[in-house]
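Shown next, in structure tokens, is the structure this report addresses.
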Amino acid sequence: MAMKKICFVILVSAFIACTNNKNIPDVSHIEVDVTTKRFERDFFAVDSNNITPGLDRLFEKYPVLTPIFLQNILGLDSAAIITGIKQFLDLSRPVYESTNSHFENFDRFEREFQQAFKFVKYYFPDYIIPEIVTVVGPLDALANFGSDYIPDFLGPDFLGVSLQFYLGKDFPAYNDPYFIENIAPAYRSRRFSKEYLVPESMKLIVDDLFPEKSNGRPLVEQMIEKGKQWWLLDKFLPKTPDSLKTGYTKQQLEWCRENEALIWSIFLKNENLNSIDPVTIQTYIGEGPFTQGFSQENSPGNLGQWIGWQIVKKFAHKNPDLKPQDIMLTNARQILEEAKYKPK
């Protein structure tokens, strides 16, 4: 009996140590009110044969989002709104019906957002939590976000979640040759699944707090600046698997961890880390099925951001008294110099 108790204590202690290895703060006391509106349901409830009354109701209920959706997402000008809406409703109804079935209940995601925003509030108490609004737009409406393409968008007081890009990697439209060639190749669309919804959306919150401004800077600085983005995302989603935050597969992450020293040595030997050549920079921090110069079978694309993340983590570990805001505002060169990053 005594032995069983000892084993139990050891197991519990190991679990606590594993849980706290990121120094995850207790946010249970933080009150966060997350609300969700289903814009897509109201939009597709509009009668395509009598659009004006339904459109008026949309403007009344969503005065900010409706013009953004019509102009920026559907790409309609004032002269073509009625015709454009009718065409979109007719052509996109099958996609809407799939999303409505796939996301009949959004409670799970609302709880995940609530937990993430508790961490946001813990670190940044003055941040105003946006309302979550779900939409269904065109299947070619991916937004260009730096070196990445994301499904979602941030409005003045809301976070828009484009449900048409979270229907699962086997959704037929994602595997259509035109979609693969012109919208999202397979290495990208494999992330069009429910489990990525909150991590992808929270990237917008990170960028809202600290807009990424590294364009035009040397490669190593861009790596670190983008690494900061993942570092802060990890603060907001500390219990979310790294594969969902980075977009890497579990196998790619394992390869990165096992070969971290080799990866860094190849960067140092084969590349000028101060290069501002766009092709070189795109090679290491751009989306891709793998990173050129590394294993095509095991390496992920955007390997530079992962290395940048490791450098930022090293710097943060050496400066435990710095708050997230301080680290995010620290110059990339200072982070590189003080981190003394030398993986073994």
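Of the residues in segment 233-252, how many are surrounded by 15 or more Cβ atoms within 10 Å (Cβ to Cβ), closer than 17 Å to GLY301 by Cβ and touching a residue at least 40 places away in the same chain (Cβ under 8 Å)? Within segment 233-252, residues that are surrounded by 15 or more Cβ atoms within 10 Å (Cβ to Cβ), closer than 17 Å to GLY301 by Cβ and touching a residue at least 40 places away in the same chain (Cβ under 8 Å) number 7. Out of the residues in segment 29-81 that are under 30 Å from ALA316 (Cβ atoms) and without any contact (Cβ under 8 Å) to a residue 24 or more places away in the chain, which is farthest from the chain's Cα centre (by Cα)? Among residues in segment 29-81 that are under 30 Å from ALA316 (Cβ atoms) and without any contact (Cβ under 8 Å) to a residue 24 or more places away in the chain, the one farthest from the chain's Cα centre (by Cα) is HIS29.
Can you tell me how many residues within segment 155-172 are over 18 Å from LYS194 (Cβ atoms) and touching a strand residue (DSSP E or B) at 6+ places or on another chain (Cβ under 7 Å)? Qualifying residue count, segment 155-172: 2. Taken over segment 116-139, residues that are more than 26 Å from LEU91 (Cα to Cα) and either aromatic (Phe, Trp, Tyr) or out of contact with any strand residue (DSSP E or B) (no Cβ under 6 Å at 6 or more places or on another chain) (or both) amount to 14.
Residue under question is GLY247, and the condition is that it be outside the structural domain of VAL95 (by TED's automatic domain parsing), of a type outside the set (Val, Ile, Thr) and within 11 Å of the chain's Cα centre (by Cα); does it hold? It is true that GLY247 is outside the structural domain of VAL95 (by TED's automatic domain parsing), of a type outside the set (Val, Ile, Thr) and within 11 Å of the chain's Cα centre (by Cα).
Please go through segment 7-51 and give me each residue that is modelled with pLDDT of 85 or more and in a helix (DSSP H, G or I), ordered by number. Across segment 7-51, the qualifying residues are PHE39, GLU40, ARG41, ASP42, PHE43, PHE44, ILE51.
Just one of the listed residues (GLU131, GLU97) is at pLDDT 95 or above, touching a Ser or Thr at 6+ places or on another chain (Cβ under 8 Å) and not β-branched (Val, Ile, Thr), namely GLU131. Restricting attention to segment 288-344 and to residues that are part of a helix (DSSP H, G or I) and small (Gly, Ala, Ser), the residue that is surrounded by the most Cβ atoms within 10 Å (Cβ to Cβ) turns out to be GLY308. Within segment 70-81, can one find any residue that is touching a strand residue (DSSP E or B) at 6+ places or on another chain (Cβ under 6 Å) and not hydroxyl-bearing (Ser, Thr, Tyr)? So far as segment 70-81 goes, no, none of its residues is touching a strand residue (DSSP E or B) at 6+ places or on another chain (Cβ under 6 Å) and not hydroxyl-bearing (Ser, Thr, Tyr). Looking only at residues in segment 192-206 that are of a type outside the set (S, T, N, Q), out of contact with any helix residue (DSSP H, G or I) (no Cβ under 7 Å at 6 or more places or on another chain) and surrounded by fewer than 22 Cβ atoms within 10 Å (Cβ to Cβ), the one that is nearest to GLY227 (Cα to Cα) is LEU204. Selection of segment 17-44 for residues being over 13 Å from GLY160 (Cβ atoms) and surrounded by 12 or more Cβ atoms within 10 Å (Cβ to Cβ) yields ILE24, PRO25, VAL27, ILE30, VAL32, VAL34, THR35, ARG41, ASP42, PHE44. For beta carbons closer than 9 Å, sequence separation of 6+ or different chains, a first residue in segment 269-288 that is in the same structural domain as ARG190 (by TED's automatic domain parsing) and a second that is at pLDDT 90 or above, there are no qualifying pairs.
The values are calculated or read from the model by the stated rules, or taken from the named source; none is laboratory data. Just so it is clear, the model here is predicted, and its values are computed rather than measured. Heads up, the Cβs are rebuilt from the backbone with ideal geometry, glycines too, and the neighbour counts pull from every protein chain shown.
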